[in-house]
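Colleague: Here it is, the structure, as structure tokens.
The values are calculated or read from the model by the stated rules, or taken from the named source; none is laboratory data. Please read these numbers as outputs of a predicted model, since none were measured by experiment. Note that we place each Cβ from the backbone using ideal geometry, even for glycine, and neighbour counts take in every protein chain shown.
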Amino acid sequence: MWIDCKTIAKKIEEGVRNKVERLGTSPKLVSVVGVNDPSVLSYLKSQMKKARELGISYEVVEVDGRSVLRVIEELSRRQDVHGIFIARPLPEGIDEKEVAAVLSPEKDVEGIHPRNLGLLAYEEERFPPCTAEAVVKILESCCELSGKRVTVIGRSVTVGKPLSLMLLKKGRDATVTVCHSRTLDLVNATRSSDVVVVAVGRAHFLKRDMVKENAIVIDVGINVVDGKVCGDVDPSVAEVAAVTPVPGGVGQVTTALLFEHVVKALEMSLHG
Ligand SMILES: NC(=O)c1ccc[n+]([C@@H]2O[C@H](COP(=O)([O-])OP(=O)(O)OC[C@H]3O[C@@H](n4cnc5c(N)ncnc54)[C@H](OP(=O)(O)O)[C@@H]3O)[C@@H](O)[C@H]2O)c1
């Protein structure tokens, strides 16, 4: 069985559109791109289309090498810019921590700044990383998390780690196991879980015999095999569990949440 993520994304987008209308002013998102990669440019094109649909002003700034840091610093100071998105991969020699250091936490709509990540440990979700938030929204739409055993495969700073904190949050109350490449007996964890989230980056990593029947499986992965986009979950898993599709799953909800954060950033700049 496949989980319908389109409806979740549409609902978030509708909320964004309504809020922009009510605000009477258009929030502005600037995407910074530092590498000339066709798949990144195609993603930014679809981002621009979505921004237009939602009434959000949008600009792409192309940068060269280390100037990415100066540009982000300048954008962080600009009053007319409410959100800054930084396309990956970053230019060679630049790391995530350097970027976060020059980015205003108030415009950190992706949720990568240490202040916004740190707030998650205090159970405050100001700008949580969009993908982690997307997983939580999808799960909340299809089950009661409290009391559920959840296995998250992957411990990255933007997906696995923040997601585990968000699932643990009081009120959600999931019981979380985080696995990674050094985990021994991963199958034991996945097979005894009600929910499995896979954020590994390997096509068809999670197989049907690794989950229990009627589990919920969230596929975060984006891989390209023979020119086709696919997730980290083998399609046969959907014969025994409820699975989010790739494409048209977590990614769609993630994009909708990015725009929701841009509106929130504008609101915060108006009302503090
Ligand atoms: N849909 C979206 O909106 C969205 C957003 C972000 C990312 N993604 C996709 O999600 C995937 C993961 O992204 P990421 O940024 O989190 O990747 P990442 O930083 O490369 O992290 C991958 C994680 O997988 C773990 N891993 C690798 N091989 C493993 C194995 N054999 N068994 C168990 N764990 C293993 C790694 O463990 P170690 O830590 O031990 O190395 C690491 O923690 C990618 O396909 C990416 O494109 C999608």
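Colleague: Those residues that are on the phi < 0 side of the Ramachandran plot and either among the small types (Gly, Ala, Ser) or without any contact (Cβ under 8 Å) to a residue 12 or more places away in the chain (or both), I need them from region 108-125; list them, please. Outline the logic, then answer.
Modeller: Step one: filter region 108-125 for residues on the phi < 0 side of the Ramachandran plot, giving 108-110, 112-122, 124-125.
Within region 108-125, 115, 118, 119, 121, 122, 124 qualify.
Colleague: Residues being more than 10 Å from the ligand (Cβ to nearest atom) and either charged (D, E, K, R) or touching a helix residue (DSSP H, G or I) at 6+ places or on another chain (Cβ under 8 Å) (or both): count how many of those fall in region 177-189.
Modeller: Within region 177-189, residues that are more than 10 Å from the ligand (Cβ to nearest atom) and either charged (D, E, K, R) or touching a helix residue (DSSP H, G or I) at 6+ places or on another chain (Cβ under 8 Å) (or both) number 3.
Colleague: So, of the residues in region 132-152 that are assigned to a strand (DSSP E or B) and more than 10 Å from the ligand (Cβ to nearest atom), which turns out to be farthest from the chain's Cα centre (by Cα)?
Modeller: Per the stated criteria, the residue is 149.
Colleague: Within region 209-227, is there a residue that is assigned to a helix (DSSP H, G or I) and exposed (fewer than 15 other Cβ atoms within 10 Å of the Cβ)?
Modeller: Initially, region 209-227 is screened for residues assigned to a helix (DSSP H, G or I), giving 209-210.
Restricting the remaining residues to those that are exposed (fewer than 15 other Cβ atoms within 10 Å of the Cβ) gives 209.
Yes, some residue in region 209-227 is assigned to a helix (DSSP H, G or I) and exposed (fewer than 15 other Cβ atoms within 10 Å of the Cβ).
Colleague: I'm told residue 99 meets every condition in (1) of a type in the set (Val, Ile, Thr); (2) within 17 Å of the chain's Cα centre (by Cα); (3) not in a loop (DSSP other than H, G, I, E, B) except one. Can you identify the failing condition by its number?
Modeller: Evaluating residue 99 over (1) of a type in the set (Val, Ile, Thr); (2) within 17 Å of the chain's Cα centre (by Cα); (3) not in a loop (DSSP other than H, G, I, E, B) leaves (2) as the failure.
Colleague: Checking residue 136 against (1) surrounded by fewer than 17 Cβ atoms within 10 Å (Cβ to Cβ); (2) touching a helix residue (DSSP H, G or I) at 6+ places or on another chain (Cβ under 8 Å); (3) of a type in the set (A, V, I, L, M, F, W, C), which single condition isn't satisfied?
Modeller: (1)
Colleague: Return only the number of the condition from (1) crowded, with 24+ Cβ neighbours inside 10 Å; (2) touching a strand residue (DSSP E or B) at 6+ places or on another chain (Cβ under 8 Å); (3) not acidic (Asp, Glu) that residue 263 does not satisfy.
Modeller: (2)
Colleague: Return the residues of region 63-96 that are among the acidic types (Asp, Glu), part of a loop (DSSP other than H, G, I, E, B) and modelled with pLDDT of 95 or more; say none if nothing qualifies.
Modeller: From region 63-96, those among the acidic types (Asp, Glu) are 64, 73-74, 80, 92, 95-96; that's our starting set.
Adding the requirement that they be part of a loop (DSSP other than H, G, I, E, B) leaves 64, 80, 92, 95.
Residue satisfying the conditions is 80 alone.
Colleague: Residue 161: assigned to a helix (DSSP H, G or I), more than 19 Å from residue 252 (Cα to Cα) and within 14 Å of the ligand (Cβ to nearest atom), yes or no? Can you show your working first?
Modeller: Working: assigned to a helix (DSSP H, G or I): yes; more than 19 Å from residue 252 (Cα to Cα): yes; within 14 Å of the ligand (Cβ to nearest atom): yes.
So residue 161 fits the description; yes.
Colleague: Which members of region 164-202 meet the condition of being assigned to a helix (DSSP H, G or I) and within 25 Å of residue 240 (Cβ to Cβ)? Please lay out each step first, then the result.
Modeller: Narrowing region 164-202 to residues assigned to a helix (DSSP H, G or I): 164-168, 186-191.
Within region 164-202, 164, 167, 186, 187, 188, 189, 190, 191 qualify.
Colleague: Right, something else. Return the residue satisfying two criteria in turn: it lies in region 230-252 and is within 8 Å of the ligand (Cβ to nearest atom) and over 15 Å from residue 208 (Cα atoms), and of such residues it is surrounded by the most Cβ atoms within 10 Å (Cβ to Cβ).
Modeller: Restricting to residues being within 8 Å of the ligand (Cβ to nearest atom) and over 15 Å from residue 208 (Cα atoms), the top hit is 250.
Colleague: Sticking with this one: Of the residues 155, 202, which single one is under 21 Å from the mean Cα position of the chain (by Cα), within 16 Å of the ligand (Cβ to nearest atom) and within 20 Å of residue 100 (Cβ to Cβ)? Give the steps one after another, and end with the answer.
Modeller: Details: 202 fails: within 20 Å of residue 100 (Cβ to Cβ).
Exactly one residue qualifies, and that residue is 155.
Colleague: Please determine, by comparing only the residues of region 81-107 that are more than 21 Å from residue 41 (Cα to Cα) and touching a residue at least 60 places away in the same chain (Cβ under 8 Å), which one is surrounded by the fewest Cβ atoms within 10 Å (Cβ to Cβ).
Modeller: 106
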